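The values are calculated or read from the model by the stated rules, or taken from the named source; none is laboratory data. Every value quoted in this text rests on a predicted model; they were computed, and no experiment measured them. Note: ideal-geometry Cβ built from the backbone for every residue, glycine included; neighbour counts use all protein chains shown. All accessible areas refer to the heavy atoms of the entire protein, side chains included, with ligands and DNA or RNA removed. Shrake-Rupley method; radii C 1.70, N 1.55, O 1.52, S 1.80 Å.
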Amino acid sequence: MAIKVGTVFNYLQLPNVSKFPFVINKRQDNIFIQKGLFVYTKSNEGFLIGVIEEIAILNEYFTDALTIKAYNNNNNPNILKGLFPSDDFEFAIAIVKCLGLIKFRSNKLDEIEKVQRMTYPASPGKGVYIVEENILFKFLGFDTEFGLNIGQIKVTNSPAKINMNRLLNKHFAVLSISGGGKSYLTSVLIEELLSRNEDYGTPAIILFDVHGEYTYLKNIPELKNNIKIQDISYFQIGIPKLSVYAFKKYQEQISHVQVRELSKYIKKLKKEKKNKYSLNDLIEQIETESDGNRSTKQALIGWLSELGRLRLFGTQENPILNKIINKQQVTIFNFKNEISIRKKQIIVDYICNRLFNLRRINKIPPFLLIVEEAHQFCPEAAHAKAISKHIIEMIAREGRKFMACLCLISQRPKKLSTTALSQCNSKLVLNIKNPYDLKHLMDSSEAITKEYASMISSLGVGEMIIMGNAVNYPVFVDIRKRNFKSKRDEISLAQFCLNWQNEELK
Ligand SMILES: Nc1ncnc2c1ncn2[C@@H]1O[C@H](COP(=O)(O)OP(=O)(O)OP(=O)(O)O)[C@@H](O)[C@H]1O
Ligand SMILES: [Mg+2]
């Protein structure tokens, strides 16, 4: 049974195609009409669905200054109330922003045939009803059966179950100020992906954990079998896996002439050592080679030795990436103990390149690559050169075709590459205050209008708006609590201060 909440009426210049006002029914048993509620009315075109954008209370009595003066001057306002029943003149109106029209299949009210844009306004006098849950889910594009349960739709409190295919088919970004709850939301998403039934199909997850915030997952008995943690202190890049251009990428000073020379040495070494050689072998090869320009050789040896000092290169990659990436498992690369940004970028670049290539030749399952602090690895500004920028932008542009999904997490959308951000079709936006960041976001996504921007700046912790490919219309969601707690969640600053010498937080 549809619940009627009001009647469409004429107010100011409304209704028009994009908005309609309605007078809210006085008596609403247990129904509290709020901003954000989804309602519908029957227009000439079909069922017109919208969301309450504004509520106003009108009272003719109090529009006239003289009446108010008389009302206030009277010693006993109750007398005046008896004469003028001002309460009866009070009414509430709601302004609804139209979202779309739904056409039902041959008048069956639970089978949506299609959702389309409205081209005609609502009709004054028509009833306004609350959208039932099952229709709302279909209208928003949620997946009630297999969806990822990330929380509740705001106001209606129905479960927000995002369709995994729609979220991961194209890339997505998680954005907010520092402490807005991005990492928290990401762990909710990971919980959901890991707890999906095996028969539904779930991609592999690879996570660059810059601050070691996700390692707690390994201590959770229900999840630990699906979590692998790789401390990048032990990470090794396989030198034979590097092309000559990769050397130039990691050591910018190598000139083009030197690159040409280097490629000759690498070719020889490959033949001799059958793809098993270290950086030292390469340096030795250059040293012992009789022909070639001496100063070029010296320079190359210098650059390669400097690379060697990063202690990042070996004869074989470690871990061997195609052996550790599995579907429905999370591989966390923990960067907590690394401070050199160059080294971090080299590792991210190498892993991304390998993953992308392995995925292209189908040696690893479809994956979701989550990049925390993405502005460090894929910055916008030309002067903030990042070694890993090119490959992240490439995955953003081309990954979809190979079922490689990217999730960029950042507290500074403005500093994040526009190319990468604009390819993030779905956006999970928590609180953002900085006007420059908001503007950048509006520029990179047409779904974010000025109204949404002001709502984004007033979101609290645990609240977000999800927009883009994952849903048909932007929806505000209260993010659910994590099922599994991290030690950090439970400990307060004061407690930490008391214990810090005795107990290191893991
Ligand atoms: N949905 C939520 N429910 C309850 N608490 C939350 C929720 N989201 C975030 N918090 C709390 O807010 C704090 C900050 O969250 P989080 O670490 O996820 O922020 P962040 O956006 O990743 O910050 P940073 O940019 O600094 O990494 C945490 O202590 C977390 O417990
Ligand atoms: Mg974080």
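Quick test for you: out of V371, V348, pick the one residue that is away from ligand 1 (no atom under 16 Å from the Cβ), touching a residue at least 12 places away in the same chain (Cβ under 8 Å) and of a type in the set (A, V, I, L, M).
Just one listed residue meets the conditions, V348.
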Evaluate the following for S233: is it within 16 Å of ligand 1 (Cβ to nearest atom), open to solvent by 50 Å² or more (accessible area, probe 1.4 Å), out of contact with any strand residue (DSSP E or B) (no Cβ under 8 Å at 6 or more places or on another chain) and not acidic (D, E)?
no
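From the list L140, L185, L168, which residue is under 14 Å from M467 (Cβ atoms) and buried (at least 23 other Cβ atoms within 10 Å of the Cβ)?
Values: L185 fails: under 14 Å from M467 (Cβ atoms); L168 fails: under 14 Å from M467 (Cβ atoms).
None of the others qualify; the one that does is L140.
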Here the qualifying pairs (Cβ atoms under 6 Å; residues six or more apart or on different chains; first in segment 382-407 and open to solvent by 30 Å² or more (accessible area, probe 1.4 Å); second not in a helix (DSSP H, G or I)) come out as K389/C378; R400/K170; M403/P366
Filter segment 189-215 down to the residues that are crowded, with 19+ Cβ neighbours inside 10 Å and within 16 Å of ligand 1 (Cβ to nearest atom) and list them by number.
L189, I190, E191, E192, L207, F208, D209, V210, E213, Y214
Could you go through segment 153-162 and let me know if any residue there is open to solvent by 30 Å² or more (accessible area, probe 1.4 Å), β-branched (V, I, T) and either in contact with a helix residue (DSSP H, G or I) (Cβ under 6 Å, 6 or more places away or on another chain) or within 16 Å of ligand 2 (Cβ to nearest atom) (or both).
no
Within segment 471-486, is there a residue that is away from ligand 1 (no atom under 16 Å from the Cβ), assigned to a loop (DSSP other than H, G, I, E, B), polar (S, T, N, Q) and touching a strand residue (DSSP E or B) at 6+ places or on another chain (Cβ under 6 Å)?
no
The lone condition I465 fails out of (1) assigned to a helix (DSSP H, G or I); (2) in contact (Cβ under 8 Å) with a residue 24 or more places away in the chain is (1)
Criterion first (of a type outside the set (V, I, T), in a loop (DSSP other than H, G, I, E, B), more than 12 Å from ligand 1 (Cβ to nearest atom) and assigned by TED's automatic domain parsing to the domain that holds S458) does R166 satisfy it?
no
Within segment 269-308, considering residues that are farther than 17 Å from K248 by Cβ and of a type in the set (S, T, Y), the one least open to solvent (accessible area, probe 1.4 Å):
Y277
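Please give the strands (runs of 3 or more DSSP E) falling wholly within segment 90-144 in which 1 or more residues are of a type in the set (D, E).
Details: elements: 90-104, 112-116, 127-130.
By residue number, 90-104, 112-116.
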Return the residues of segment 169-187 that are under 10 Å from the mean Cα position of the chain (by Cα), more than 6 Å from ligand 1 (Cβ to nearest atom) and outside any helix (DSSP H, G or I); say none if nothing qualifies.
H171, F172, A173, V174, L175
